[in-house]
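> Let me begin by handing over the structure; questions about it come next.
The values are calculated or read from the model by the stated rules, or taken from the named source; none is laboratory data. Bear in mind the structure is a predicted one, so any value in this text is a computation, not a measurement. A quick note on method: Cβ atoms are made from the backbone with ideal geometry, for glycine too, and the neighbour counts reach across all protein chains shown.
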């Protein structure tokens with residue numbers, strides 16, 4: 001019986017995945033490197049530090065990883081200030097419906113804890129979640145399963161009782177490696193990735209009910 005729903009945040013709850021992608025592209029451009037979102041597909045869903053480590057090796061970047069992380073965060077914050085923080089359509093209503101139905105909920109995101117907490121408070125849904133786990137608190141980030149296993153343990157659940165909702169290939173891999181049923185959220189505006197490992201795809205949260213997710 002499925003009792004828990006574990007949400008990724010960027011690109012699933014908050015419409016912010018694209019901000020990180022835009023920030024990475026802009027920062028690489030400053031070093032004379034031009035990339036497309038498709039060329040960054042293997043980085044989506046991972047911690048920014050892991051992604052910057054891969055980028056440093058891939059493009060022979062001279063700057064240290066921590067500096068790159070800080071600068072990309074700064075660019076992302078500038079983009080966010082201009083475009084604003086918004087939830088994905090229908091997700092707030094779905095989360096509240098799941099909580100009212102008695103589901104145990106978690107956020108398991110590669111973003112820093114303070115960013116996750118801020119976003120959930122901004123959307124008025126922080127009290128819906130029994131636990132929050134940041135990838136920065138784990139030994140290994142997505143696609144490793146640790147973040148989802150920790151979230152399940154914090155909720156007092158075993159993997160077979162949990163549903164994961166993800167938008168990235170790395171996130172789907174993490175959810176499946178944790179032994180959980182996994183939805184891939186792929187709205188029309190999303191950067192398309194290989195999420196074929198997911199059990200089912202969702203193109204919209206609008207009009208979905210708790211029963212639809214937990215069935």
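> Go through segment 88-102 and give me each residue that's surrounded by 21 or more Cβ atoms within 10 Å (Cβ to Cβ) and not in a helix (DSSP H, G or I). Spell out the reasoning first.
Narrowing segment 88-102 to residues surrounded by 21 or more Cβ atoms within 10 Å (Cβ to Cβ): 88, 91, 94-95, 98.
If the condition is that a residue be surrounded by 21 or more Cβ atoms within 10 Å (Cβ to Cβ) and not in a helix (DSSP H, G or I), then 88 is the only one that fits.
> Follow-up. So residue 34 passes all but one of these: (1) outside any helix (DSSP H, G or I); (2) surrounded by fewer than 19 Cβ atoms within 10 Å (Cβ to Cβ); (3) under 17 Å from the mean Cα position of the chain (by Cα). Which condition number does it fail?
Exception for residue 34: condition (3).
> State all residues of segment 81-100 that are over 15 Å from residue 165 (Cβ atoms) and touching a residue at least 60 places away in the same chain (Cβ under 8 Å); if no residue qualifies, say none.
83, 85, 86, 100
> Additional query: Test each condition in (1) assigned to a loop (DSSP other than H, G, I, E, B); (2) touching a residue at least 12 places away in the same chain (Cβ under 8 Å) for residue 23 and report the one that comes out false.
The single condition residue 23 does not satisfy is (1).
> Okay, moving on. Only one of these conditions is not met by residue 26: (1) at pLDDT 95 or above; (2) under 20 Å from the mean Cα position of the chain (by Cα); (3) surrounded by fewer than 21 Cβ atoms within 10 Å (Cβ to Cβ). Which number is it?
(2)
> Still on this model: Could you figure out which of (1) in a helix (DSSP H, G or I); (2) within 20 Å of the chain's Cα centre (by Cα); (3) crowded, with 16+ Cβ neighbours inside 10 Å isn't true of residue 118?
Condition not satisfied by residue 118: (3).
> Find the strands (runs of 3 or more DSSP E) located wholly in segment 156-215 whose residues include 3 or more that are in contact with a helix residue (DSSP H, G or I) (Cβ under 6 Å, 6 or more places away or on another chain), and list them.
Details: elements: 162-166, 181-185, 200-202.
Fully inside segment 156-215 and qualifying: 162-166.
> Identify the single condition in (1) surrounded by fewer than 19 Cβ atoms within 10 Å (Cβ to Cβ); (2) modelled with pLDDT under 95 that residue 161 does not satisfy, given that it satisfies every other one.
Of (1) surrounded by fewer than 19 Cβ atoms within 10 Å (Cβ to Cβ); (2) modelled with pLDDT under 95, only one is false for residue 161: (2).
> Which residue out of 170, 207 is over 14 Å from the mean Cα position of the chain (by Cα) and modelled with pLDDT under 95? Lay out the reasoning, then the answer.
Values: 170 fails: over 14 Å from the mean Cα position of the chain (by Cα).
None of the others qualify; the one that does is 207.
> List pairs: first in segment 115-133 and farther than 22 Å from residue 175 by Cβ and not assigned by TED's automatic domain parsing to the domain that holds residue 150, second part of a loop (DSSP other than H, G, I, E, B) and modelled with pLDDT of 95 or more, Cβ under 7 Å, 6+ apart or cross-chain?
That search, which allows pairs on different chains as well, returns nothing.
> Also: Restricted to segment 44-57, and to residues that are part of a helix (DSSP H, G or I) and touching a residue at least 24 places away in the same chain (Cβ under 8 Å), which residue is farthest from residue 110 (Cα to Cα)?
Of all residues in segment 44-57, those part of a helix (DSSP H, G or I) come to 48-57.
With touching a residue at least 24 places away in the same chain (Cβ under 8 Å) added as a condition, the list becomes 48-51, 55.
Numbers: 48: 8, 49: 10, 50: 10, 51: 11, 55: 17 Å.
Per the stated criteria, the residue is 55.
> Follow-up. Name every residue in segment 135-154 that is buried (at least 21 other Cβ atoms within 10 Å of the Cβ) and either over 21 Å from residue 49 (Cβ atoms) or free of Cβ contacts under 8 Å to residues at least 60 places away in the same chain (or both), in order of residue number.
Passing the criteria: 145, 147, 149, 152.
> Could you please give the count of residues in segment 121-148 that are within 19 Å of residue 99 (Cα to Cα) and in a loop (DSSP other than H, G, I, E, B)?
Qualifying residue count, segment 121-148: 5.
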